[in-house]
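Only one structure is covered here, and it is reproduced in the block below.
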Amino acid sequence: MSPLRWDVLLVGFVLALPVLALGLRGDLSTEEMMMRVLWCLGAGWAVVAVLRLASTPRPSAPAGKGPQRSADASTGTENHSPAL
């Protein structure tokens with residue numbers, strides 16, 4: 001997954017808003033702010049990767065696996081003996 005996808009950039013920007021505000025306020029130097037913005041981009045990439053992993057459906061089991069049914073059981077015409 002590319003770190004320059006639109007969803008990664010959007011999440012990274014949202015995570016970087018407090019860092020940008022601290023930089024504009026003067027609490028962080030330009031070097032500190034840019035270093036933390038890069039960490040926000042990395043965190044955005046991780047968040048999107050986890051969300052994509054969690055939201056993808058699991059693959060279904062192959063058709064060959066599972067209990068086998070006889071032809072009579074699937075049609076419902078089984079012959080049962082009443083005396084046993």
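The values are calculated or read from the model by the stated rules, or taken from the named source; none is laboratory data. The model shown is predicted, which means the values in this text are computed figures rather than measured ones. When we count neighbours, we look across all protein chains shown, and the Cβ atoms used for this are built from the backbone with ideal geometry, even at glycine.
Here are some notes:
- Residues that are within 24 Å of residue 49 (Cα to Cα) and either hydrophobic (A, V, I, L, M, F, W, C) or at pLDDT below 90 (or both), drawn from the stretch 21-39: 34, 35, 37, 38, 39
- Considering residues of the stretch 5-50 that are basic (Lys, Arg) and in a helix (DSSP H, G or I) only, the residue surrounded by the most Cβ atoms within 10 Å (Cβ to Cβ): 36
- Matching residues, the stretch 51-83, being at pLDDT 70 or above, of a type in the set (A, V, I, L, M, F, W, C) and either surrounded by fewer than 10 Cβ atoms within 10 Å (Cβ to Cβ) or in contact with a helix residue (DSSP H, G or I) (Cβ under 6 Å, 6 or more places away or on another chain) (or both): 53, 54
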